[in-house]
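The values are calculated or read from the model by the stated rules, or taken from the named source; none is laboratory data. Just so it is clear, the structure is predicted and the values come from calculations on it, not from any experiment. Here Cβ is always computed from backbone atoms with ideal geometry, including for glycine, and neighbour counts include all displayed protein chains. Note: areas computed on protein heavy atoms with side chains; ligands, DNA, RNA excluded. Shrake-Rupley method; radii C 1.70, N 1.55, O 1.52, S 1.80 Å.
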Amino acid sequence: MYSVTKRIDFCYGHRLLDYNGVCKHPHGHNAVAEIEVRTDALDPRNMVVDFSDIKSVVKGWIDRELDHKMILRHDDPLVEPLRRIGEPVYLLDSNPTVERIARLIFDEVRALGLPIIRVKVWETPTSFTTYGPAA
Ligand SMILES: [Zn+2]
């Protein structure tokens with residue numbers, strides 16, 4: 001198997017509901033998503049996927065949907081006031097933990113047609129989560 005990994009930086013805000021820690025307050029992260037793409041064979045260019053293709057597809061989606069947005073649970077009381085003043089929000093059906101955000105990115109990248117096998121999302125320089133099929 002061949003694999004390549006592309007790192008993509010983005011910023012997001014969130015807060016966790018029904019949670020008793022500092023993350024119950026709105027705050028932000030400078031996150032890094034590491035997108036791992038895997039294929040059995042190389043393409044005619046001898047590549048798994050061109051790094052610039054991963055960047056344009058995945059970074060395009062992340063920039064449009066997640067970057068510099070508040071990622072909130074759909075029933076968070078912050079959704080309505082933020083929308084009222086024109087602030088962008090991205091809604092999830094469940095708490096916007098970094099684990100849930102990693103699964104969101106994985107599902108979207110797969111839907112965009114890239115053979116993603118794993119995504120690692122760094123929420124801080126010392127904490128990351130990994131989502132993908134079991135090895
Ligand atoms: Zn956080």
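Just a few scattered comments:
- In the set (1) of a type outside the set (Phe, Trp, Tyr); (2) within 16 Å of the ligand (Cβ to nearest atom); (3) in contact (Cβ under 8 Å) with a residue 60 or more places away in the chain, the condition left unmet by Lys120 is number (2).
- Of the residues examined, Ile62 is one that is of a type in the set (Val, Ile, Thr), more than 16 Å from the ligand (Cβ to nearest atom), in contact (Cβ under 8 Å) with a residue 12 or more places away in the chain and not in a loop (DSSP other than H, G, I, E, B).
- Subset of the stretch 79-116 (residues that are open to solvent by less than 70 Å² (accessible area, probe 1.4 Å) and in a loop (DSSP other than H, G, I, E, B)): Gly86, Pro88, Ser94, Asn95, Pro96, Thr97, Gly113, Leu114, Pro115
- Residue, farthest from the ligand (Cβ to nearest atom), within the stretch 1-29, restricted to residues that are under 30 Å from Val79 (Cβ atoms) and touching a residue at least 60 places away in the same chain (Cβ under 8 Å): Asp18
- Test for Asp75: is it modelled with pLDDT of 95 or more, part of a helix (DSSP H, G or I), more than 14 Å from the ligand (Cβ to nearest atom) and surrounded by fewer than 16 Cβ atoms within 10 Å (Cβ to Cβ): no
- In the stretch 22-48, the residues that are within 21 Å of the chain's Cα centre (by Cα) and aliphatic (A, V, I, L, M): Ala31, Val32, Ala33, Ile35, Val37
- Test for Val32: is it farther than 17 Å from Ser94 by Cα and out of contact with any strand residue (DSSP E or B) (no Cβ under 8 Å at 6 or more places or on another chain): no
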